[in-house]
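Written below as structure tokens is the structure these notes are about.
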Amino acid sequence: MPITVNGNERDLPDDPRVSLLDFLREHLDLTGAKKGCDQGACGACTVLVDGERILSCLALAVQYEGCSVLSIEGLALNGALHPLQTAFIEQDGLQCGYCTPGQICSAIGMIGEIRRGVPSQVTADLSAGPIALSSDELRERMSGNLCRCGAYNGILQAILQTYVDQRRAAE
Ligand code: FES
Ligand code: FES
């Protein structure tokens, strides 16, 4: 069974030792996901698999036979940026941009975790209903994505603009 990457079916590599990150970058020429540390410490390689954020440097491509992978290249729809991509630009959520694809994929996965009620280290009350998108929650949940440029405040504001401000506007 093949793997689906950004909506397209792809054949898996013959070599079962190929990481998902190398498969994306070296086999499919999808270089958005970055190889920062190659050991699970920086988050630059984050992609979504069936909606869950994973570190693609720590995963083997063959593990995901039959799964659907979404990388930063697959986020724009019909030429329109994903709202979070737009917010990163508007909120100066990047400087060099090296960590940005991983930050954006991670944030999308993180929002899914919050909506499913998955607690974090700083979630105070597990019985208090929906988890608030507070700055503390967002910073904690995004702590696996390092930014050497220190664009953390802009990253936080971009996530808030996309997932909190828009919700308020709809209320
Ligand atoms: S390259 Fe995967 S976590 Fe750093
Ligand atoms: S924008 Fe440069 S590492 Fe994050």
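The values are calculated or read from the model by the stated rules, or taken from the named source; none is laboratory data. Fair warning: this is a prediction, and the values are worked out from it, not measured in the lab. Neighbour counts run over all protein chains shown; Cβ positions are idealised from the backbone, glycine included. Surface areas here come from the heavy atoms of the whole protein model, side chains and all, with no ligands, DNA or RNA. Shrake-Rupley method; radii C 1.70, N 1.55, O 1.52, S 1.80 Å.
Can you check how the C-alpha radius of gyration of the stretch 44-87 compares to 2.2 N^0.38 Å, as a plain ratio? Show your work: numbers first, answer last.
Numbers: Rg = 11.8 Å, N = 44, 2.2 N^0.38 = 9.3 Å.
Its radius of gyration relative to the 2.2 N^0.38 Å reference: 1.27.
What is the ratio of the Cα radius of gyration of the stretch 83-147 to 2.2 N^0.38 Å, where N is its residue count, to two decimals?
Numbers: Rg = 12.8 Å, N = 65, 2.2 N^0.38 = 10.7 Å.
For the stretch 83-147, the normalised Cα radius of gyration is 1.19.
Extension gain Asp136-Arg115, at 0.36 nm per residue separation less the Cα-Cα distance, in nm? Working shown, then result.
Working: separation 21, 0.36 × 21 = 7.56 nm, distance 1.62 nm.
Stretched fully, the Asp136-Arg115 segment lengthens by 5.9 nm.
Sum up the charges of everything whose Cβ sits under 15 Å from the Cβ of Gln121, counting Lys and Arg as +1 and Asp and Glu as -1, but leave Gln121 out.
Numbers: positive: Arg139, Arg141; negative: Glu113, Asp125, Asp136, Glu137, Glu140.
Summing Lys/Arg as +1 and Asp/Glu as -1 gives -3.
Can you show me the helix-derived [θ] at 222 nm for the chain, built from DSSP H runs with n ≥ 4 at -39,500 (n - 2.57) apiece and divided by the number of residues, rounded to the nearest 500.
Details: 5 runs with 45 residues, N = 171.
Calculated mean residue ellipticity at 222 nm is -7500 deg cm²/dmol.
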GNM of the chain, Cα pairs under 10 angstrom: of Ala132, Ala59, Ala80, the biggest fluctuation goes to Ala80
For the chain, which whole-number percentage of the solvent-accessible area (1.4 Å probe, protein heavy atoms only) is attributable to carbon and sulfur atoms?
48 percent
Points 7 angstrom from Cα along the Cβ direction at Ala76 and Glu26: gap in nanometres?
2.8 nm
Can you tell me the relative contact order of the chain? Whole percent, Cα pairs under 8 Å, sequence separation 6 or more.
24 percent
Using 14 Å as the cut-off for backbone N distance, which residues of the stretch 76-105 belong to the label zone defined by a point 7 Å from the Cα of Arg148 along Cα→Cβ?
95-100
For the stretch 100-123 and the stretch 48-79, what is the separation of their C-alpha centers, rounded to whole Å?
15 Å
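Could you tell me the calculated FRET efficiency between Asp14 and Asp165, based on Cβ-Cβ distance and R0 = 45 angstrom, to the nearest 0.05? All intermediate terms of the calculation are to be shown ahead of the outcome.
Details: r = 47 Å, r/R0 = 1.05.
After rounding, the FRET efficiency stands at 0.45.
Rounded to whole Å and sorted largest first, what semi-axes of the equivalent ellipsoid does the C-alpha gyration tensor of the chain yield via the square root of 5 times each eigenvalue?
Numbers: eigenvalues 150, 61, 51 Å².
For the chain, the semi-axes come out at 27, 17, 16 Å.
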Just need the relative contact order of the stretch 70-137 here, percent rounded to a whole number, with Cα pairs under 8 Å and 6+ apart.
24 percent
